[in-house]
Amino acid sequence: DKRMVRNTASAIGFEPPQIESLCTMNLGRTVCTDAEGRKKRPKNRELYDLLIGGAPDDAFLHDAVEDARLTAQSFLAGKKRGLW
C-alpha cells in the first residue's frame, strides 16, 4: 500500500512522500504458524482472527477501507499485547 501512495502522488504531480511504516504481515509472524508449526506471514483476516476473533460480518475484505480498518485494529491489538 505504501507503494500505491507513492505511485499516486507521482501520477498527480506531487513529490512522492517518504513514508514510515510497519508491515502487519511481517509483524504477524510472531503469532502465526502454518499447519507444520512454522512461522508464517498471516493474511489480514488470519491476523485479525488470531488477535481479536472472527472478522466482523460487515467486513468486505479486499475493499481498501475495510482492509485498512481491520489492519489498524489488528495492529492496535498486537501493540496492546506487547507483541510489537
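The values are calculated or read from the model by the stated rules, or taken from the named source; none is laboratory data. Bear in mind the structure is a predicted one, so any value in this text is a computation, not a measurement. SASA here: full protein model, heavy atoms, side chains in, ligands and nucleic acids out. Shrake-Rupley method; radii C 1.70, N 1.55, O 1.52, S 1.80 Å.
Take every pair of alpha-carbon atoms less than 8 Å apart whose residues are at least six positions apart; their mean separation over the length of the chain yields a relative contact order of 20 percent. Couplings 3J(HN,Hα) for segment 8-13, derived from phi with the Karplus relation 6.51 cos²θ - 1.76 cosθ + 1.60 (θ = phi - 60°), are 5, 4, 4, 5, 9, x Hz, where x marks Gly and Pro. Rolling a 1.4 Å probe over the protein heavy atoms of the chain, with every protein chain left in place, gives an accessible area that is 54 percent carbon and sulfur. The 3J(HN,Hα) values that the Karplus relation (6.51, -1.76, 1.60; θ = phi - 60°) gives for segment 42-50 are, in residue order, x, 6, 3, 5, 4, 5, 4, 4, 5 Hz. Gly and Pro appear as x.
Here are labelled values, [x] 126; [y] 109; [z] 89, and one is the computed volume of the Cα convex hull per residue in Å³ for what I pasted. Which one? From the options [x] 126; [y] 109; [z] 89, the structure gives [y].
The amide H of Cys32, built 1.01 Å from its N in the peptide plane, has Lys40 as neighbours under 5 Å, considering only residues 5 or more places off or on other chains. Where only DSSP H runs of four or more residues are counted, the chain gives -13500 deg cm²/dmol as its mean residue ellipticity at 222 nm, each run worth -39500 (n - 2.57).
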